[in-house]
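Novice: Handing you a structure now.
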Amino acid sequence: MSTPKPELITLDNGLRIVTEPMPGAPSAVITLRFTFGAKDDPMDRLGIARIAEDVSFKGTPSMDARAIFDAFDSLGVRRGSSTTVEYTQFQAQIRPTHYEKTLELYHTIISTASFPDSEIDVSKQLTLEELKRLEDNPIQQAMYLTFKAALGDPMGRIPLGEPETLALIGASDVRSYWTEYCDPSRLIVAVAGGLDQEQIISGITETFGGWSSANRGDSDSHIVTVADQAVHHEKASEQEHIGIVFGSIPRTHEMYYVAQVAVAILSGSGSSRLFTEVREKRGLAYSVSAFYRARQSGGMVALYAGTTADRAQETLDVCRAEMARLAEDVTGDELERSKTILKGSLFTSGDLPEGRASSLAEDVFLQGDGRSLDDIATGIDSVTLDQIPAYLETFPPMPQTLVTLGPKPLA
């Protein structure tokens with residue numbers, strides 16, 4: 001049975017709606033993605049998008065934080081939010097019967113957030129604590145440092161900001177930032193689950209359609225470029241954390257699915273090349289993986305390996321050898337196995353309302369329209385063996401940023 005084709009509608013105020021009804025599903029998910037994030041933070045107020053995301057739900061002229069929490073709880077809403085370099089996102093998993101009331105609640109909060117001074121202070125303190133906790137999570141710390149070194153400013157920013165810039169953020173700064181960037185023309189609403197198309201569209205139109213826009217449109221996108229450099233961060237530890245980033249293709253490129261299959265061959269399962277050669281055969285690393293990341297104006301592949309200091313150089317050498325070998329000798333069995341793994345993930349978890357709403361928001365954000373599950377599966381199936389070396393010839397793993405976190409630098 002074929003999967004439905006997502007529908008995309010743009011309201012008069014610029015708000016974009018992408019939908020995938022799932023008749024009979026017991027839940028629905030609403031994803032609200034604003035196209036601003038840490039890249040839009042003023043240089044002397046890094047972290048302000050993250051603070052705004054956190055505190056936006058802590059007060060309006062008619063509700064304090066407790067009243068807002070109670071309102072969501074009374075509807076049984078499971079909600080979350082996040083800030084990345086390129087976007088700020090809110091998500092709600094709901095029972096379909098509470099759809100309209102949930103939309104009304106989100107609209108009220110987003111459009112009238114008051115950002116109480118006391119809540120700003122609390123959020124700043126909690127964010128500082130999160131930054132400190134990175135010291136206890138060296139894997140996350142290493143990857144933050146790797147993206148920062150690879151992409152520079154603003155695309156390599158840590159959304160949490162920096163201690164010295166967080167200290168300068170005041171409530172009036174946050175209010176001004178929210179007024180500047182929170183606009184319906186910068187909002188994508190993705191809905192998937194047990195609602196029909198008419199109900200989805202009418203609910204959003206009636207709730208958000210009257211929100212006037214300053215016609216700001218999406219905030220500026222930035223071309224992804226990767227620095228050719230090696231950076232070492234000293235850390236007293238018996239472990240060495242290795243991060244690598246190199247450029248890849250954007251979502252809209254005709255070889256996008258080739259890149260996905262290539263990365264899956266490198267690091268998609270227990271039979272992947274990195275896991276087999278680095279961990280299973282040589283026992284070099286307790287953790288090794290590679291993954292693709294898309295941005296609005298480009299893409300990249302990142303690799304992480306965690307090992308001991310005395311085996312770190314060999315670990316790096318083997319990882320680089322496997323990245324180079326990918327262009328030389330991929331077999332038909334590897335190709336088909338990686339396709340099966342990608343489609344297995346797609347149809348066992350990616351087909352749920354939460355996965356579909358997030359994916360649809362990502363699709364519209366990156367390429368301007370939504371993809372069905374069948375579209376994605378067809379793209380995966382279309383990849384041929386000869387396309388793997390052709391992709392790597394066009395997008396080789398160089399230039400490359402290497403970041404190490406541990407007792408000694410590597411080359």
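The values are calculated or read from the model by the stated rules, or taken from the named source; none is laboratory data. Fair warning: this is a prediction, and the values are worked out from it, not measured in the lab. All Cβ positions, glycine included, derive from the backbone under ideal geometry; neighbour counts span all protein chains shown.
Novice: What residue, of Asp12, Asp70, is assigned by TED's automatic domain parsing to the domain that holds Met155, of a type in the set (D, E, K, R), out of contact with any Lys or Arg (no Cβ under 9 Å at 6 or more places or on another chain) and in a helix (DSSP H, G or I)?
Specialist: Asp70
Novice: Which of the residues that make up region 213-239 are modelled with pLDDT of 90 or more and out of contact with any helix residue (DSSP H, G or I) (no Cβ under 8 Å at 6 or more places or on another chain)?
Specialist: The answer is Asp228, Ala230, His232, Glu234, Ala236.
Here's the yes/no breakdown for (1) closer than 23 Å to Gly247 by Cα; (2) touching a Phe, Trp or Tyr at 6+ places or on another chain (Cβ under 6 Å); (3) assigned to a loop (DSSP other than H, G, I, E, B):
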residue	(1), (2), (3)
Arg311	no, no, no
Val330	yes, no, yes
Arg337	no, no, no
Ala357	no, no, no
Val364	yes, no, no
Ala377	no, no, no
Leu385	yes, no, yes
Ala390	yes, no, no
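Novice: The conditions are (1) over 30 Å from Thr112 (Cα atoms); (2) outside any loop (DSSP other than H, G, I, E, B); (3) of a type outside the set (Ser, Thr, Tyr); (4) in contact with a helix residue (DSSP H, G or I) (Cβ under 7 Å, 6 or more places away or on another chain), and Val263 fails exactly one of them. Which is it?
Specialist: (4)
Novice: Kindly indicate whether Phe90 is surrounded by fewer than 24 Cβ atoms within 10 Å (Cβ to Cβ) and outside any helix (DSSP H, G or I).
Specialist: Criteria met by Phe90.
Novice: In addition: Give the residue, chosen from Leu145, Leu105, that is of a type in the set (A, V, I, L, M, F, W, C), part of a helix (DSSP H, G or I), within 30 Å of Gln239 (Cα to Cα) and at pLDDT 95 or above.
Specialist: Leu145
Novice: Which of the numbered conditions does Leu360 fail, given that it passes all the others? Conditions: (1) crowded, with 18+ Cβ neighbours inside 10 Å; (2) without any contact (Cβ under 8 Å) to a residue 12 or more places away in the chain.
Specialist: (2)
Novice: Right, here's the next one. Which of the residues that make up region 65-97 are in contact (Cβ under 8 Å) with a residue 12 or more places away in the chain and among the charged types (D, E, K, R)?
Specialist: Arg78, Arg79, Glu86, Arg95
Novice: Give the residue that is surrounded by the most Cβ atoms within 10 Å (Cβ to Cβ), with candidates limited to residues of region 203-259 that are part of a loop (DSSP other than H, G, I, E, B) and acidic (Asp, Glu).
Specialist: Among those that are part of a loop (DSSP other than H, G, I, E, B) and acidic (Asp, Glu), it is Asp218.
Novice: Another question about this same structure. Which pairs do you get when a residue that is under 17 Å from Val174 (Cα atoms) and in the same structural domain as Thr179 (by TED's automatic domain parsing), found in region 113-134, comes within reach of a residue that is among the charged types (D, E, K, R) and at pLDDT 95 or above, reach meaning Cβ atoms under 6 angstrom, with the pair 6+ apart or on two chains?
Specialist: As it stands, the answer is Phe115/Arg175; Glu119/Lys58; Ser123/Asp54, since those pairs meet every condition given.
Novice: Could you go through region 292-302 and let me know if any residue there is without any contact (Cβ under 8 Å) to a residue 60 or more places away in the chain, surrounded by fewer than 21 Cβ atoms within 10 Å (Cβ to Cβ) and not hydroxyl-bearing (Ser, Thr, Tyr).
Specialist: Within region 292-302, one or more residues are without any contact (Cβ under 8 Å) to a residue 60 or more places away in the chain, surrounded by fewer than 21 Cβ atoms within 10 Å (Cβ to Cβ) and not hydroxyl-bearing (Ser, Thr, Tyr).
Novice: Sticking with this one: Only residues that are farther than 19 Å from Val85 by Cα, in contact (Cβ under 8 Å) with a residue 40 or more places away in the chain and of a type in the set (A, V, I, L, M, F, W, C): list them for region 204-244, please.
Specialist: Ile204, Phe208, Trp211, Ala230, Val231, Ala236, Ile242
Novice: Any idea which of Ser81, Ser74, Ser118, Ser114 is under 19 Å from Gly203 (Cβ atoms), surrounded by fewer than 22 Cβ atoms within 10 Å (Cβ to Cβ) and among the small types (Gly, Ala, Ser)?
Specialist: That would be Ser74, the only listed residue that is under 19 Å from Gly203 (Cβ atoms), surrounded by fewer than 22 Cβ atoms within 10 Å (Cβ to Cβ) and among the small types (Gly, Ala, Ser).
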